[in-house]
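The values are calculated or read from the model by the stated rules, or taken from the named source; none is laboratory data. The model shown is predicted, which means the values in this text are computed figures rather than measured ones. Note: ideal-geometry Cβ built from the backbone for every residue, glycine included; neighbour counts use all protein chains shown.
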Amino acid sequence: MAADAPITQDLVTIPRKLPEGGKVNLVGLTRDALRAALIAAGTPEKQAKMRVNQLWQWIYHWGVRDFAAMTNLAKPYRALLEEQFEIALPEIVSKQVSSDGTRKYLVRIAGGHEVETVYIPEEGRGTLCISSQVGCTLTCSFCHTGTQKLVRNLTAGEIVGQVMLARDDLEEWPAHGTGSGDDGPRLLSNIVLMGMGEPLYNFDNVRDAMKIAMDGEGIALSRRRITLSTSGVVPEIAKCAEEIGCLLAVSFHATTDEVRNKLVPINKRWNIETLLNALREYPRLSNSERITFEYVMLKDVNDSDADARRLVELIKGIPAKINLIPFNEWPGAPYQRSDRERIARFADIVHNSGYASPIRRPRGEDIMAACGQLKSATERARKSRAQIAAETGGA
């Protein structure tokens, strides 16, 4: 979505039938869109709200995909649903498990495109890092995903479908008749939109998917359990606060426009001053406590004492924490990770200035699942084949 494109959340679009099988996929429809689809399929308007509530609970609370198993619906109505609708998720092509327990899923979506989703287990909780686009437009020079060109935006169903696939794999759907908290702490307790793509360039679909994830009668994750990471799409930041209300993380990574222009090229459009002005309003608009500034540590690029002091000065007055991210190297990367002592010194300067400055522990490096390393394996292979063909004069 273009940065200045209008938001049309008040419009309800009745989903068109899918070309394959002729059925409408219910996954990813907002409550209003689901209601409209059911009425279009023959559900009496007086029953529509009740049917939406029933289907919502089956699909998003108990994770049921078979209409025949929805026993509080009459058999003829179940048959109608089966005839016209489906409950379909993206396909897990492969799963890799790191030595630290991190799981990386290669997920195939419509059109044969693929994205990566990462589950990071922690004591008493777990975070799912989900993708919002196939590829990325931003070409951040330290990010492996940025070397993969944008193919398309994910739909709301493909975004929330990643959450559902992970819950499948973790076997975390509540048993029928039980509440979401009845089985103790969740394995999947948090979502971060930090996978492939820039979420704010796919605003409508990200918003709708997160509203589904936050709905109390379904997956029921608090908005404070969801963090959206942006590289700085300034026009969408206020809308994110007002229409999603989740926590915000910003890929900051530099303290001067000269350096940030190279690391995060979107800075040429919305520079540091413009970005920070938008961020100062976010906690108030979203009623959130603080903003997370993500700062990847690149040796001899952005890791000096002077950078640390400039960073603290720049964010003065913004409720914030600074996540320091040791650079996760990938084949052909143009940067190196800052030395451990240098990162610690940087963290001390930030901490002594009154800001939390945790140093992120790299997770899943052995399966290329760490921050900035995501890029679908098939895309890498496809690119290699294309290069080979070009070199040999092939088509």
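Determine, yes or no, whether residue 122 is farther than 22 Å from residue 23 by Cβ, in the same structural domain as residue 199 (by TED's automatic domain parsing) and of a type outside the set (Ser, Thr, Tyr). It would help to see each step written out before you state the result.
Numbers: farther than 22 Å from residue 23 by Cβ: yes; in the same structural domain as residue 199 (by TED's automatic domain parsing): yes; of a type outside the set (Ser, Thr, Tyr): yes.
The answer is yes for residue 122.
For residue 81, the test of being without any contact (Cβ under 8 Å) to a residue 60 or more places away in the chain, touching a Phe, Trp or Tyr at 6+ places or on another chain (Cβ under 7 Å) and either farther than 18 Å from residue 213 by Cβ or in the same structural domain as residue 115 (by TED's automatic domain parsing) (or both) is passed. Taking the listed residues 269, 186, 225, the one that is more than 28 Å from residue 114 (Cβ to Cβ) and either under 15 Å from the mean Cα position of the chain (by Cα) or not polar (S, T, N, Q) (or both) is 269, with no other qualifying.
Within region 305-345, the set of residues being surrounded by 14 or more Cβ atoms within 10 Å (Cβ to Cβ) and free of Cβ contacts under 8 Å to residues at least 12 places away in the same chain comprises 329 only. Taking the numbered list (1) touching a Pro at 6+ places or on another chain (Cβ under 8 Å); (2) surrounded by fewer than 18 Cβ atoms within 10 Å (Cβ to Cβ) in turn, residue 259 passes all entries but (1).
The set of residues in region 195-214 that are under 16 Å from residue 247 (Cα atoms) and surrounded by fewer than 20 Cβ atoms within 10 Å (Cβ to Cβ) contains only 211.
Return the only residue of 373, 387, 336 being more than 26 Å from residue 288 (Cα to Cα) and at pLDDT 80 or above. If you could, list the steps in order and put the result at the bottom.
On the way: 373 fails: at pLDDT 80 or above; 387 fails: at pLDDT 80 or above.
Every option except 336 fails the conditions.
Residues that are of a type outside the set (A, V, I, L, M) and touching a residue at least 40 places away in the same chain (Cβ under 8 Å) within region 255-268 comprise 255, 256, 262, 265, listed in sequence order.
Among the residues of region 208-215, is any acidic (Asp, Glu), farther than 22 Å from residue 115 by Cβ and at pLDDT 95 or above?
We begin by selecting, within region 208-215, every residue acidic (Asp, Glu); these are 208, 215.
If we keep only those that are farther than 22 Å from residue 115 by Cβ as well, we get 215.
Still in the running and at pLDDT 95 or above: 215.
Yes - at least one qualifying residue is present in region 208-215.
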